[in-house]
Structures are given as C-alpha cells and as structure tokens.
Amino acid sequence: MWVESVRVAKNWMESRLKGEDGYSKYMDGEKTFIDEEKIFKTLKENRDPKPARIRSIIDEAIESKECLSLEDCAALLNVKNEELWKEIFQAAGEVKKQVYDNRIVTFAPLYCSNYCVNNCLYCAFRRENSVEIRRRLTLDEIRREVEVLAGMGHKRLITSYGEHPLSDVNYIADTLRAIYSVKVKGGRGEIRRVNVNAAPMTVEELEILRDVGIGTFQVFQETYHRKTYSEVHPPDTIKGNYFWRLYCMHRALEAGVDDVGIGVLLGLFDWRFEVLSLLSHSIELEEKFGVGPHTISFPRLRPAANTPFVQNSAYKVSDEDFMKFIAVVRIAVPYTGMILTAREPEHIRRRVLPLGITQTDFGSKIGIGSYRESYNKQEAKIQQFLLGDTRELDEGIRWLAEMGYIVSFCTAGYRCGRTGVKIMKLLKTGREKIFCKLNAILTFKEYLEDFASEETKRVGEELLEKELKEVKDLVSERTYEKLIEYLSRIEDGERDLYF
Ligand code: SAM
Ligand code: SF4
C-alpha cells in the first residue's frame, strides 16, 4: 500500500515538473530579483553606520511609509549599539501604530492533510519520516473541525496541506467550499476568510482557488539563499526547485489572487540576508504588479518529531535577534501585515507584539483532525512541529485586551473589494486605519456578545469604552453616531454590520 502510494506520488511529481517551467517568463534572462552578490555587498558596504544616519533613516521611514532601500535597510541591520536598537524598536512600534493602530487580527490554522512528496529536512511531514502517521481529512471531517473553530468565535482560518496528489488543487478547493458552508450558533459562528498555505501552483490552478474565494495565498521561500535552499530541500523533490517556488507569487498575482503572503523559516540561514531578500521580493512584486505582499511570515524553527536537523541547525535565531528581525522588517515594508504564530511561547509573544505584529493565532492545534479529536500520546506524530503557546482564543483575546490591543475579526475589507492594490494605497495613506478601527470595534463587540467568557467580556467592554473615546475625535459626528447605532443593533442581535 505504502509502496503503491509512493509510486503514484512519484509519477504525479514528475508530471508536475514537466512542461512550461512557470518562472522563466518573469525573469530577465538568467537574472532574478534575489541578487545574492548584491545583498552580501550591501551588507558589507553599510557596516558601522553612524547613529545620525540611522536616526534619519528611521525618521524618513515613519514619514514616508514607503519601502526602505536595500542600503538603508542594511544599515539598520548592521547597528551594533544596543541603545540605538532601542530607538529602532520604538520606531517600528510607531510605524505599526500609524499604519495599523492597536489592532491585531486573529486566526487559527487548520491542517487538512500531511501526505507529502517532498523531503524538507526540518519538517515532520517529510516523506522519509516513516514514523509520522499520515492522514487526510474528509470533507465531513473538515466541516466538523470548522464547527469547533467557528464555535470558539474564529472568523479566519489558514489551511495547510502537504504537497501530494491526495491534496491537489481540487481537494484544496473542496476544503475551502466545505469551510465556507459551515454555520453554527444560528449563523453567528462562521468562517469568513480562508487563507491557504500550500505548495506553489500553476496560474490555472490558482485561478480555481481565486474562484472559490481564497483569502491570502501564502508560500514561504523558507530561505532565499540558494546553496542553503538546495541543502535542505533535496533536488529530487518538487520543492527542490528554487525558482518554481520563488516565482509562485508572480503566478498568483497573474491569476488574480489579490493577496499574497511571503515568508522565511528563520534558522536556516543568516537572518540579515533573509531580511534583505524579503525586502527585494516585496519591491519586485510592487514594481511588477503594483502591489507588495499582503503579509510576511517568519516562523522560527521548532522541534519536530524525528527531525534531528532542527537541533543541529547552525543559524538558529536568538530571541534578541528575533526582535531585531521583526523591527527592521516592520520599518522596511511598513504597509505589510506581519504574522506571529503560536510557535512562539507567551513571553516572546509579549515582547515582540509591540514591534509591529498585525496578526497572531490562538487556540491553535496543528494535528490533523485535532480540534475535534484528542490525540494524546500520538499527537507529536501527526503534527508538523510542536507549538510554543497553546492558550485558547478567549484567553488570548483577554490577554491582548489587557495590554490595550483590540482584536479585529473584520473581513469587511475583502468583501468590499479593499484588497490588493486598493488596500495598499489606503494603508499607505493611513485611510484604511479609520475603516479598520471602526470595523474592529464592531467585530470585537460581536465576539464579546457571542463567544466571550464573563471575564473576557468585562475586560473587553473596558477596552471598547476607551476605543470609543478615541474614535470620537477621529471621525465625523455622523460616522460616530452611526457607530453607536450599529453597536446597539449588535446588542439587539443583528450581525455583520460594517463600514
Ligand atoms: N507544504 C507547504 C509548503 O511547504 O509550502 C505548506 C507548508 S507548512 C504547512 C507551512 C510552513 O511551516 C512551512 O512553509 C515552513 O516554513 C514551516 N515549518 C515547517 N517545519 C517547521 C518547523 N520544524 N518549525 C517551524 N516551522 C516549520
Ligand atoms: Fe512537505 Fe511542506 Fe513539510 Fe516540506 S514543509 S515536507 S513541502 S509539508
């Protein structure tokens, strides 16, 4: 059975690598937008930057909210003085505040299948990990998982799949339809946006996902450094093809998937190199498509069952460097959402949130089928890696509210077409902030009414009061009145009101 499935997967893999390569047409001959030589040279040439230069880079970044140049970004990365780093951290917080205010978006991951034809050295789903228990959720099982998640109050999911014929684009499209179909609590519990983290696809496949209403399409390059990339992704796998992956967001944007999410897996190579590469990727997408990445992710390597590579990696990123990474990315690409996951434990989440994080997950379970079922001892063998923070959504929301963050469950922007190029413009001019603030207040209120524990409701209402006072000075009298009217209609049972 296993031998047969390996053979089927091998044939499928070979067929996917045939035909048009999916990247040459975006390249300038052999040249790609990740210019390793230039990145190393820029890092070298901007060593020992003077404090005055750093301060002027920071001031200009806060003022313009445009992407940094590679040179300025390299200068920030090369700062040695810890006092100056404190100023960079503060500036990152300021950029976040100006673009996104105190909003945090939450989501939960939904792992649908862990069959995989690839062999990434760091991942427990890799095909050579024979102790991993393989499973693909049926659509009924998906619906049951979503009932649990929507019942907690989640409105956004990120689905995740290994790369395999059993989880090809048709299966992914079916899972999205199944997720959107679930309604609980008389329609108050439902998933309104499904982001997808899956393997790179062709333009035609991405068009299928666009048509079923995919949210953000996320693919992480893992590392932009080619030599390291080929060491951790064996060349006889689909993922071993660096360029097929590097240009997958070009294909997504060509297919009309408006929001794309890029990322790196920290711990594979020098984090400073990865920052300049993420910046180069963002600039490339903006130049070619008029829109940069919707989100940037930066998971740090976590222990994974039967995956010794993780312990032995030479490029592990310390907590201090993790903070520096986040702050510089925040300043370098100011309009992009930054995702921090529950891979990180609570004390790290607390430290890095103020540096510019816009999205984070709670109540996450990453075993296949583990929202509904309990795996107990087996658990480690059916998940991709181990989580650092397993707090439930209610507790997470209360924790954030106590620190002054309002959780937004808003998905209105997407439904009003405020995606892609449009949302980038609004974010850059700061106009999105007002819409988002109002919608955050409304969806937060809905959450408190429908799903919160007594304790969270109490803390949440206090935060809402503060928010309303702030908003009053920011919007017209008419808008404020409308907001108050909507809040009272929510208390009376109406839902899904938005600006
Ligand atoms: N199979 C898809 C792919 O490779 O693009 C989906 C990948 S996986 C569900 C999502 C991400 O998890 C990967 O892109 C990788 O960055 C991250 N990941 C894999 N192993 C990890 C580990 N041991 N610790 C932390 N993150 C990990
Ligand atoms: Fe498969 Fe993705 Fe894991 Fe690589 S990271 S082994 S492609 S699931």
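The values are calculated or read from the model by the stated rules, or taken from the named source; none is laboratory data. Just so it is clear, the structure is predicted and the values come from calculations on it, not from any experiment. Positions of Cβ are backbone-derived with ideal geometry, glycine not excepted, and every protein chain shown enters the neighbour counts. Ligands, DNA and RNA are stripped out before the accessible areas are found, and what is left, the full protein with its side chains, is counted by its heavy atoms. Shrake-Rupley method; radii C 1.70, N 1.55, O 1.52, S 1.80 Å.
Some observations on this one:
- Residue in the range 317-325 that is of a type in the set (D, E) and buried (at least 18 other Cβ atoms within 10 Å of the Cβ) present: no
- Of the criteria (1) open to solvent by less than 10 Å² (accessible area, probe 1.4 Å); (2) more than 11 Å from ligand 1 (Cβ to nearest atom); (3) under 30 Å from S364 (Cβ atoms), which one L76 fails: (3)
- One residue from S297, S277, S282 being under 20 Å from Y224 (Cβ atoms), within 15 Å of ligand 2 (Cβ to nearest atom), buried (at least 17 other Cβ atoms within 10 Å of the Cβ) and of a type in the set (G, A, S): S297
- Residue that is farthest from ligand 1 (Cβ to nearest atom) [pool: residues in the range 186-203 that are out of contact with any Lys or Arg (no Cβ under 8 Å at 6 or more places or on another chain) and modelled with pLDDT of 95 or more]: V196
- Test: residue in the range 180-192 that is closer than 17 Å to F409 by Cα and surrounded by 23 or more Cβ atoms within 10 Å (Cβ to Cβ): yes
- Entirely in the range 223-265, the helices (runs of 4 or more DSSP H) that have 1 or more residues that are modelled with pLDDT of 95 or more, within 22 Å of R302 (Cα to Cα) and among the aromatic types (F, W, Y): 226-232
- Residue among T223, T228, T216 that alone is touching a residue at least 40 places away in the same chain (Cβ under 8 Å), more than 17 Å from L176 (Cα to Cα), open to solvent by less than 10 Å² (accessible area, probe 1.4 Å) and within 16 Å of ligand 1 (Cβ to nearest atom): T223
- If only residues of the range 346-374 that are closer than 30 Å to D321 by Cβ and β-branched (V, I, T) are counted, the one that is surrounded by the fewest Cβ atoms within 10 Å (Cβ to Cβ) is I348.
- Taking the criterion of being over 15 Å from L278 (Cα atoms) and either part of a loop (DSSP other than H, G, I, E, B) or touching a helix residue (DSSP H, G or I) at 6+ places or on another chain (Cβ under 6 Å) (or both), the residues of the range 18-43 that qualify are K18, G19, E20, D21, G22, Y23, Y26, M27, G29, E30.
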